[in-house]
Amino acid sequence: MADYIVTMEHICKSFSGVKALDDVSFYLRSGEVMALLGENGAGKSTLMKILSGVYTRDSGEITIFGKKVGDMTPHKAQALGVAIIHQELNMCSHLTVAENIFLGREKCRGGILTDKEMNEEARRLLNRLKIDIDPQTVVGDLSVSKQQMVEIAKALSTDARVLIMDEPTSALTSKEIDELFAIIRDLKKNGCGIVYISHRLEELQYIVDRVTIMRDGKFITSAAFKEITMPEIITNMVGREIKEKFPRVKTKRGQKVFEVKNINAGKMVRDISFELYEGEIVGIAGLMGAGRTETTRAIFGVDPKDSGEIFINGEPVTINCPMDAIKAGLVLAPEDRKKDGLCTGLSIKENIALPNLDILCNGLGVVNQKKETEMIEKAVTSLNIKLSNPENDAASLSGGNQQKVVVAKWLARNSKVVIFDEPTRGIDVAAKVEIYNIMNELKQEGIGVLFVSSEMPEIMGISDRILVMCDGRITGELDQENVTQNAILEYATRFESKVV
Amino acid sequence: APQSFKIFLITMDQMDQYWAGIDQGCKKAAAELGNVDYKWTAPDVKDDAKQIEMINNAVANGANAILLAANGPDAVTSALKEAQAKKVQIIYVDSPAKFPAVATYATNNEGAGKTAGNEMLKNLAKAGIKKGKIGIISVNAATASTVAREKGFRAALRGKGYTLLATQYCDGDAAKAKDIATNYITQGCVGIFGANEGSAVGTGNAIKESGQSVIGIGFDSSDAIKSLIKNGFLKATMVQNPSVMGYEGLKTAVSVLTGKVKADGKVVDTGVSVVTK
Amino acid sequence: MMENNLLKKLLSIRGMGQVITVGIGLIIMCLVFGIINPLFFSPVNIANLLRQIAPILLIGIAQSFVLITGNIDLSIGSVVGMSCMVSATLMTRGVDPWVAAGITMVICLFTGVLNGFLVSGCKLPSFIATLGTMTIARGVAQIVNNNYNTNLIGDGPVANAFRDFFYYGKTFGIFNGIIIAVVLWFIFNFLLSKTRTGRHIYATGSNLEAARLSGVNTLHTVIKAYVVSAFCSGIVGLITCATTGMGTMDAGNSYELYAVAAAVIGGVSTLGGQGILLGTVVGACIWGALANGLQFAGAPVAIRNIVIGIIVVLSVFMDVIVRTRRTDKTKSKTTMKPTMVKAS
Amino acid sequence: MMENNLLKKLLSIRGMGQVITVGIGLIIMCLVFGIINPLFFSPVNIANLLRQIAPILLIGIAQSFVLITGNIDLSIGSVVGMSCMVSATLMTRGVDPWVAAGITMVICLFTGVLNGFLVSGCKLPSFIATLGTMTIARGVAQIVNNNYNTNLIGDGPVANAFRDFFYYGKTFGIFNGIIIAVVLWFIFNFLLSKTRTGRHIYATGSNLEAARLSGVNTLHTVIKAYVVSAFCSGIVGLITCATTGMGTMDAGNSYELYAVAAAVIGGVSTLGGQGILLGTVVGACIWGALANGLQFAGAPVAIRNIVIGIIVVLSVFMDVIVRTRRTDKTKSKTTMKPTMVKAS
Ligand SMILES: Nc1ncnc2c1ncn2[C@@H]1O[C@H](COP(=O)(O)OP(=O)(O)OP(=O)(O)O)[C@@H](O)[C@H]1O
Ligand SMILES: Nc1ncnc2c1ncn2[C@@H]1O[C@H](COP(=O)(O)OP(=O)(O)OP(=O)(O)O)[C@@H](O)[C@H]1O
Ligand SMILES: [Mg+2]
Ligand SMILES: [Mg+2]
C-alpha cells in the first residue's frame, strides 16, 4: 500500500447529467507501467484528465505521493510531477518545437526568455530520445507522427514522476514505437510511474506490469499482467459476448457499376485503378497514412485530381466537386464525422436532408416539408437511430447515433455506389454490427459498396474483396477466400523504395 | 390662462459649444416668456437622414414649433413639408433649408467666408506677403455651412495673386486638423483658413508650434480659439451670434403661434463679428 | 387546443427562445417609454417609429445572412453610402430615377459578389476582406460626385414618384418604407427558412467542410449571402436618397455595426449557423425604439450610447450562457483537434 | 561575413518575409511621393510625418497584441476618445495634469481588464464584447463633460509641460510624440518577443486549448493583451489631448479600424498566433505616409480611401497565398510513415 504514488478513490464525474465516471478507483506504484484498458467511452481519458487537472472531479479523493490534493489544475499537476500526453494532438502550430516543449514553464533569466538555452536543452532531449527534429522548426510544418513525438518529448522534459500516455502510439511508425518503448523502460528503471492507455493489446506484452480495466465508467478489475490472459482482458473490457461480430450475407455479383482508372492526386494518390460490381463490398486496407482517405476524397471530388477517369455503369463521368459525384450516383460517408460529417448546431432532420435537397425541393428551390418528414422518418426507422425529436441538434446524439446520421444522409437517395471511410471508428461493438448490417443491406439491393477500414478483423470479416494500399498506390488485391492477415500486411508494406 | 407651447431646437449634433450658445439663447427666451415647454435634441452624429428622423420624432412628440439648424439645405425639405402639414411652425437658426419657413436667424455663411477672406488679405498685406500658397481646412464636403464659408473665402481671394490649395477635410477632429495644417506649413503655405471650430484650433496649434509667421484665420469661438487669438497664433476668427439666433428664433416662434405676428419668411443675418487680439 | 399546438410549434423552432426573451425585453422597454411620455404610443409616433426601424431591419437582414454563413460584412454602411451617392448623382445628371436606381443596384450587387468571392473564393478572413471593400465603397461614394454631396435630385413628378415610392408615400395608409422592409423581410425569411439556398447558408456556417462534402457549393452559397446583404444595403441607400432627396457622402456611416447589433441582439450567432430573421426584427425594433424613445424621454445622446452598449453586451452574454449550457449537454462544437487516428 | 550572418538571422525570424515585402512597398511608395513633390523628403516633413505616424503605431501595437491572441479590440478608438475627454475634463476642473493623466490611465486600464474578462472569462465573441465596450466608452467620453468638448486645458506652465511632454516638446531634437511611441514600441516588442507573457500570448492565439493544457493561464494572458491595448489607446488619447489642448468627444473615431489595417498590412494575422511588431511599424508607416503623401501630392481624400482599401485587401491576399503555399508544402511533407495495423 505504502508505495502507491497515485491513488484515486471513488472518483465520479458527470457531463451534464451523463455519468462518465462512476465511483472509479485507480492505483499506481512507482516504477511500474499500468495499462488502463477499456472500450471507447469507458472513461479512460476522462479519468486521466482528472488526474492531470484538465477536468475537475465531482467527488472522490486523489492522493499523489502521499499528499491529498484538492482540485487539480494543469499547472498544479505539472508542479506535482504529473505529465500527460493527450489522446488528441495538442500543439501550438505557430510555435517552434522548443517553444512548444517549454510552453507553460519557459526558462527565464531576469524576466528574459533564454531561447538559446531552451533550444539547446530541447536539442539534447530530442537527441536522447533519438528523435531527429530540429528544435527550431515550426510545429505546424511537421508530420503528424513527428508532432506526436514532440508531444512525448514535451511530457518527458518535465522530469515527471507520473507520466500518463493516452494512446501515444496511434500515430507513430513502428520504428518510433520501438524507440518509445525503450524510453519507457528507461523511465521505469528511474522509478517513474507510467499510465499507458492503448487499444493495441499486442503492445502490452513488451512493457506492461499491471492492467486496470474499465467499462461504462466503472472500475472492473485490476491485476498483474502476468496473471491475466488476453481473452480474460477482452471479456472484462467488452462485458458481453457478441455472437456474430461480422455478419456476412451472400449475394450474386452483378454488373460492373463503378470503375476508376489511373487516378492521380497529389503525393498520396498515385495511379489508382480498380472496379466495383453490383452487390459487392470491396474493402480497402492499408497502414495508417497509406492514402486511402485521400483516394476516396479525390474520387468524390473533394480534393482536385491531377489525372484519371471515372466510370459509372460504364459511362464516363466528370467529378470536380462533391455535387458532381452525388449527381452521378456516388456518395461518400467521410472518415471524420466531427470535421467532415455533421453540421452540429443544425437539427438531425436538416443534416439528413442536406445532401438530398435536390430531391426534396421543387423547381423553385422550395423545400417540400412533407416529403422531407417522410424521408427522415424512413431513415430513422431503417437505421434504428435513437432520438427524441428529429428537430433536435444533431450534436445531442451519442457518438454511435451521430455516425448513423452521417450514414443515413446518404442512404435516402438512390445511389449506385457508396463509399464508407472508417464508418465504425469510435463507436461501440453493437453499433458496429448495425453499420455492417446496413452495408449488407446495400449490397443486397445491388449497390456497390467501398469500405475503407484500418481494422483488420472487420475488413476481413465483411468485404468480398480487399484492395490493399501502400504509399498512395494499390499494391495488391485479395479475395475473401484466400485473405489472411499476413497477406494483407505483406502488401501493405510493399514500399517502392525504403522510406527512412 | 395663456396657452403653453411645445418648442424643439434641433441642431446638427450636440458636440460643439456653438450649439450650446443657441440653446442658451432659447432658454433665456423661454424663461422670459414662461409658457414654453422647450427641449433641445440632436442626432448623435451629423447625418441628414438622422436629422430627418429627429424632425419626425419632434412632430410626433407634439411640437408646435421647431427651431432647426439644417444639416443640409435640401435634405430636410420633405420632412419639413410633412411637419408643416401638421401645423408645426418652422424657424431656421444657424443654417436654413430650402423650404419656406416663418423666419431665419442665421449667419450668412458665404458672406462670413468672404469676411474671413478679407481678414486674410488684410493680414497678409500687413505682413507684406504678396504671393504664396494658402490652405483651407474644413469639416467635410457634406456640410453646407462650411462649404459656403469656403466658397466665400475663395471668392475673396480670387485674383489676388495667391495660390489656393485643395481643401483638406478633418471631420471636425482638431488633432487631424493639426496634422493637416502642419503639412500645409511644410508645403510653404503663407496662410491657412480653418472653417470651423476644430479646424481653427488645429490651425492655430500648428502655427503656434511651427514658430513661423503663417497667417491663421479661424471660424467660431471657443476657449481654445480665444487663447490662440490672444497669443497671436490666429490673427482673427469669425464669431457668430448663436445666442441671438436662439433668443430671437424662439421669441418669433411664440409670436407666430399666438398670432401676434404673421409669418413672413424674413431672413435675419445675425452677422459675424471679427474677433482679433 | 389549436392555439396550444401552434404555440408549441412556434416554441419548437430553434432560436425562438432568445427571440421571445428579447421580445419581452422590447415590450417592457416600450412600456417604460410610454409611461415617461405617453406621446410615445401616439399613432403618429408609431407610424414614425416603424418607418425609422425599416432601414435598420433591412441592414439587420443583410448582416444576418452573412453572419449565419459564419462571416461578417463590414461594407454594409459604405454600400448604403455608395448606393445613396451613385443613384443621386445619376439623377442629378438627368438619368431617370428608376434607371438610376437600377444601375445603382447592379453596382451594389457587384460589390456583394466581390465580397463573397474574396471571402469564399480567395479565402480572405471576412473581417479584413470587407474592411477593404468598406473603405473602397466609401471612396466610391465620395468620388462619384467629385467629393461633394449632390444637389437635390429634382422636384419633378418622376423624382417625387421615386421619393414617394421609397419613403414619403403611403399604401393602404402605411408608409412605403415600412412596406418595402416588410415585403423584403418576408421574401428573405422565406428564402432562408424554406428553400435550399437557405439550408445551404445554415449548413455552410455550421460546418463548411461538412457542407462541402454534402454537395453544397459553399462558394456560391457565401456569394449569395453577400449578394443578399449588398441588395438590402443598396435598397437602404435608395431609401436614404429618397428620404433626403439628395446624395450625402457619409450616409450609412457605422450602419454595419448597428446591423451586427440588431442581428446579435435578436439571437443571430457571430459564429455562424445560428439565428432566425424573426430575431433580427426584434433586434431592429429594440435599436429603433431605443433611439426614438430616448429622444421622447429627453435623454442626451451620450446616455443613449451607454445604454445601447450595455444592451448589446448583455444580450450576447445571455446567448452565450444559453449556448454554453446546451453545448455542455451535447458536447458540440468542442475544439477537438482533428483526426488523430484511433484504433479501436 | 558578419553582416551576412545578421541578415540570415533576421530572415529566419518568423513573419519577417511579409515585413520585408511590405517594407519594399513602403519604400517605393515614398519614392513616388518624393518624385511628385520633393518637399515630401524635406527634413521638416520627415519629422512631421514621423510624429503623425506615432499614434497610428501605438494603436497598431494595441491591436496587434489583441489580434495575436486570436481576438479583436473594437474599443480602441473609443478608449482614445475617452482618454482625451476624461483627462481634459479633469484638467479644466483644476486637477493637476499629471494626476489627471494618471487617473485617466487607470480608467483606460480598467476598460482593458473588462474587455479581457468579457472575452476570456465570459467567453463572449471578442467582436461583440468590444463592440459593446466601444459604444460605452464613447458614451463616457461624451457624458464626462456633459456632452461638450472641453475648454482649453490651461495655459499655465504645468499644462504646457504636459502638452510638451506628449506632443510639442523635443528631446535630442526629436519630437516627444515620436520618442514615446518608439520607447513604448521597444518595451512592448520586448514583452512580446522576449518574455514569458509574450510567449503565452502567441500560444493562446495559436491554440487556446493546447496553451491551457500546458499550464498557461489563458484568461490572464488575454486580459494582459487587452490591457496593453487599452494602455496604448489611453496614451494616444493623452497625446491627442496634448495636441489640441482640449478634450474633443469624437477623438479617435474609427481608430480601431486603422489599427486593424496597420497590424494586418504588417503581417499580423487576424486568426491569431502570428505576427511581429516590426510588421506593425511598417503597416503604420504605410498608413501615415499615404495620408501625408497624398496631401502633398494634392490628391482628393476620396482617392485615399480607395487606395487604402485596395492595399489592405492586397496585403492580406498576399499573406493568405503565402500561408496556403506553406500549408501545401506541409501537407506533402507529412507523408506519414507506416504503422502496424492493429490486428486484435
Ligand atoms: N467534454 C466532454 N463533454 C461531455 N461528455 C464527455 C466529455 N468528455 C468525455 N465525455 C463522455 O465521457 C465518456 C468517457 O469518455 P472518455 O473520453 O473518457 O472515453 P475513453 O475511454 O477515453 O474512450 P476512447 O477509447 O475512445 O478514447 C464518454 O461517454 C464521452 O462521451
Ligand atoms: N490527425 C491528422 N492531422 C492532420 N493530417 C493527418 C492526420 N491524420 C492523417 N493525416 C494526413 O493524412 C495523410 C494520409 O492519411 P490518410 O488518412 O489518407 O491515410 P489512410 O490510409 O486513410 O489512413 P487512416 O485513414 O488510417 O489515417 C497523411 O499524409 C497526413 O498528412
Ligand atoms: Mg480516450
Ligand atoms: Mg483514412
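Quick look at the numbers
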{"item": "Overall Cα dimensions of segment B:172-229 - principal axes, largest extent first, Å", "result": "27, 19, 16"}
{"item": "Alpha-carbon Debye profile of segment A:221-296, log10 I(q)/I(0) at 0.25 Å⁻¹", "result": "-1.16"}
{"item": "Contour minus Cα-Cα distance for A:ASN392 and A:THR229 (0.36 nm per residue)", "result": "54.2 nm"}
{"item": "10 Å Cβ neighbours from other chains, averaged over peptide D:196-203", "result": "5"}
{"item": "Whole-angstrom gap from segment A:368-398 to segment B:1-69, using each part's C-alpha centre", "result": "61"}
{"item": "Contact order relative to length of segment A:231-327, as percent, for alpha carbon pairs under 8 angstrom and 6 or more apart", "result": "27"}
{"item": "Segments A:413-425, B:138-150 sorted - mean Cβ within 10 Å per residue, highest first", "result": "B:138-150, A:413-425"}
{"item": "Highest-first arrangement of C:253-263, D:306-316, where packing means the average Cβ count within 10 Å", "result": "C:253-263, D:306-316"}
{"item": "Cα-derived Rg over Rh, computed across chain A with Rh taken as Kirkwood radius", "result": "0.99"}
{"item": "Rel. contact order, % - alpha carbon contacts under 8 angstrom, at least six apart, chain A", "result": "15"}
{"item": "Computed label-point distance, nm, for sites A:ARG494 and A:GLU61 using a 7 Å Cα→Cβ extension", "result": "6.2"}
{"item": "Label 7 Å beyond Cα on the Cβ vector: C:GLY17 copy-to-copy distances, nm", "result": "4.6"}
{"item": "Backbone N under 20 Å from the B:SER255 label point (7 Å along Cα→Cβ), restricted to segment B:26-65", "result": "B:26-38, B:64-65"}
{"item": "Förster radius 56 Å - calculated FRET efficiency between D:MET318 and B:LYS130, Cβ distance, rounded to 0.05", "result": "0.65"}
{"item": "For segment C:154-275, the spread of Cα positions along each principal axis, largest first, Å", "result": "56, 31, 26"}
{"item": "Modelled FRET efficiency - R0 25 Å, A:GLU315 with A:GLU445, Cβ distances, 0.05 increments", "result": "0.80"}
{"item": "DSSP H segments from chain C that extend 20 Å or more along their own axis, Cα-based, with Kyte-Doolittle mean of -1.0 or above", "result": "C:16-36, C:43-68, C:76-92, C:97-116, C:126-143, C:176-194, C:218-244, C:277-296, C:301-330"}
{"item": "Amide N proximity, segment A:139-158 versus D:LEU271 label position 7 Å along Cα-to-Cβ, cut-off under 18 Å", "result": "A:139-144"}
{"item": "For the protein assembly as shown, with +1 on Lys and Arg beta carbons and -1 on Asp and Glu, the positive-most of B:PRO100, B:GLY161, A:THR96 along the dipole", "result": "B:GLY161"}
{"item": "10 °C / 1.306 mPa s Stokes-Einstein diffusion coefficient of segment A:256-492, Kirkwood radius on C-alpha pairs, µm²/s", "result": "88"}
{"item": "Förster-model FRET efficiency, 56 Å R0, A:VAL238 and D:ASP96, C-beta, rounded to 0.05", "result": "0.10"}
{"item": "Over 19 Å (Cα to Cα) - which of B:LYS39/B:LYS81; B:LYS50/B:LYS266; A:LYS327/A:LYS416; A:LYS49/A:LYS218 fall in this group", "result": "B:LYS39/B:LYS81; B:LYS50/B:LYS266"}
{"item": "Cα extents of segment A:4-238 along the three principal axes, largest first (Å)", "result": "50, 37, 32"}
{"item": "Geometric extent, Cα atoms of the protein assembly as shown - Rg, Dmax (angstrom)", "result": "35.6, 114"}
{"item": "Label-point gap, in nm, between A:ASN368 and C:ILE46 - each point 7 angstrom along Cα→Cβ", "result": "4.3"}
{"item": "Computed over segment C:52-105, Cα set: Rg, Dmax in Å", "result": "13.5, 42"}
{"item": "0 to 90° range, to nearest 10: angle between helix B:144-157 axis and chain B longest Cα axis", "result": "40"}
{"item": "Centroid-to-centroid separation of segment B:144-210 and segment D:225-261 [C-alpha atoms, Å]", "result": "24"}
{"item": "Average other protein chain Cβ within 10 Å of Cβ, residues D:164-171", "result": "1"}
{"item": "Cβ neighbours within 10 Å from other chains - mean over A:135-147", "result": "4"}
{"item": "Distance (nanometres) between label positions extended 7 Å along Cα→Cβ at A:THR7 and A:SER222", "result": "0.9"}
{"item": "Partner lysines for B:LYS122 [C-alpha distance under 23 Å; skip if fewer than 8 residues away on the same chain]", "result": "B:LYS114, B:LYS130, B:LYS131, B:LYS133, B:LYS151, B:LYS160, B:LYS208, B:LYS226, B:LYS230, B:LYS235, B:LYS277"}
{"item": "Neighbour net charge for D:ASN176 - beta-carbon separation under 14 angstrom, K R +1, D E -1", "result": "+1"}
{"item": "Segment D:77-108 residues near the modelled B:LYS226 label - backbone nitrogen below 20 Å, point 7 Å along Cα→Cβ", "result": "D:88-95"}
{"item": "Hull volume in cubic angstrom per residue (convex hull over the Cα atoms of chain C)", "result": "169"}
{"item": "For segment D:15-321, size of Cβ-based charge dipole, Lys and Arg +1, Asp and Glu -1, in debye", "result": "360"}
{"item": "Copy-to-copy label separations for D:SER193, where each label sits 7 Å from Cα toward Cβ, in nm and ascending", "result": "5.5"}
{"item": "16 Å Cα-Cα reach of A:LYS130 towards lysines, excluding residues that sit fewer than 8 places from it in its own chain", "result": "A:LYS146, A:LYS154, A:LYS175"}
{"item": "Label point 7 Å beyond Cα along the C-beta direction, distances from C:ASN151 to other copies (nm, shortest first)", "result": "4.7"}
{"item": "Net lengthening on full extension, D:ASN37/D:VAL183 (0.36 nm per residue, minus Cα-Cα)", "result": "49.4 nm"}
{"item": "Euclidean distance between Cα centres, segment D:53-114 to segment A:66-120, Å", "result": "34"}
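Since every read-out is calculated from the coordinates, none of them should be taken as a lab result. Everything numeric here is computed off the predicted structure, so don't read it as measured data. Cβ atoms come from the backbone with ideal geometry, glycine included; neighbour counts cover every protein chain shown.
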